[in-house]
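Engineer: This is the structure I want to talk about, given as structure tokens.
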Amino acid sequence: MNENSMSIPHLIMSASTVVQLVMLLLVLGSLLSWVVIFQRSFALHRAKKAYDQFEETFWSGVDLNDLYRDIPADDARQGAERVFQSGFREFHRLAAKTRQSDTVLEGVQRSMRVAWSREEDRLNQHLVFLATVASASPYIGLFGTVWGIMGSFQSISMAQQATLATVAPWIAEALIATAMGLFAAIPAVIFYNRLSNSAGRLLGKYEDFAEEFYAILHRNLQGRDTTSS
């Protein structure tokens, strides 16, 4: 048994078909999880930046009608802009039809809740895949480990004399499968927790904005009712 035969590339190439499939599945899972990690990290960063800009504009004293008209088309809206536009559009639609403030406010709240729910889906997009990789990879690697250990026992039973050279390749490929499972799982679980936490904080900001905007509309309706009376 020479050093080259125990190198990691040689062990992977000479591993059994089942273990090779396990390794391939883990490599694909790891690569895809990193794609998700980078994509969601950039998306959350952009979403936070867009929220900060919109919040600054909203509280700068700009006329809400002007702000509503300046918001881009539906396919470009996101975050607090979507919540604001949904609520403000519903406010104008209902305020023109009824004088009952409760009906208007209920419609506004319902519209903003739907918009918030869509933002929740958007911010959490693909995070389930990270959770799946984080939870499944160690077990997939363990399956490759068990299969490799089984192969080592079979080689011992067929050999006239059990030596380290007989079982070492099987055990080595089994340990590689375990290591690859951990290599795929550890980054996935770390970034899943981090990205989920970031998305949760941003959704909390959207919810706070919706409550503050709701309070503004409530005061406007109270002022309208007072004036009309």
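Engineer: Could you give the length gained by full extension between Phe153 and Gln20, i.e. 0.36 nm per residue of separation minus their alpha carbon distance, to one decimal place?
Structural biologist: 46.0 nm
Engineer: Through the Karplus equation 6.51 cos²θ - 1.76 cosθ + 1.60, θ set to phi - 60°, convert the phi angles of segment 181-189 into ³J(HN,Hα) values in whole Hz; use x for Gly and Pro.
Structural biologist: Taking θ as phi minus 60°, the curve returns x, 5, 4, 7, 7, 4, x, 5, 6 Hz for segment 181-189.
Engineer: Still on this structure, please answer the following. Would you tally the net charge around Met112, using a Cβ to Cβ cut-off of less than 14 Å, leaving Met112 out, and scoring K and R as +1, D and E as -1?
Structural biologist: Working: positive: Arg77, Arg82, Arg89, Arg93, Arg110, Arg113, Arg118, Lys205; negative: Glu81, Glu90, Glu106, Glu119, Glu120, Glu207, Asp208, Glu211, Glu212.
Residues close to Met112 contribute a combined charge of -1.
Engineer: Calculate, in nm to one decimal, what Ala96 and His126 gain on full extension: separation in residues at 0.36 nm each, minus their alpha carbon distance. Intermediate values should be presented prior to the final figure.
Structural biologist: On the way: separation 30, 0.36 × 30 = 10.80 nm, distance 4.06 nm.
This chain segment gains 6.7 nm when fully extended.
Engineer: What is the gain in length, in nm to one decimal, between Glu211 and Trp34 on full extension, counting 0.36 nm per residue of separation less the C-alpha to C-alpha distance?
Structural biologist: Working: separation 177, 0.36 × 177 = 63.72 nm, distance 3.58 nm.
Result: 60.1 nm gained on full extension.
Engineer: Could you order the peptides 189-202, 80-93 from most to least packed, using the average number of other C-beta atoms within 10 Å per residue? Let's see the in-between values first.
Structural biologist: Values: 189-202: 16.5, 80-93: 21.0.
Per-residue mean Cβ counts within 10 Å order the peptides as 80-93, 189-202.
Engineer: Counting only protein heavy atoms, what percent of the accessible surface of segment 26-140 is carbon or sulfur at a 1.4 Å probe? Intermediate results must be reported in sequence, preceding the final value.
Structural biologist: Details: 3640 of 6570 Å².
Carbon and sulfur together cover 55 percent of it.
The values are calculated or read from the model by the stated rules, or taken from the named source; none is laboratory data. Since we're looking at a predicted model, the values are computed, not measured. Note that we place each Cβ from the backbone using ideal geometry, even for glycine, and neighbour counts take in every protein chain shown. Just the protein is used for accessible areas: all its heavy atoms, side chains included, with ligands, DNA and RNA removed. Shrake-Rupley method; radii C 1.70, N 1.55, O 1.52, S 1.80 Å.
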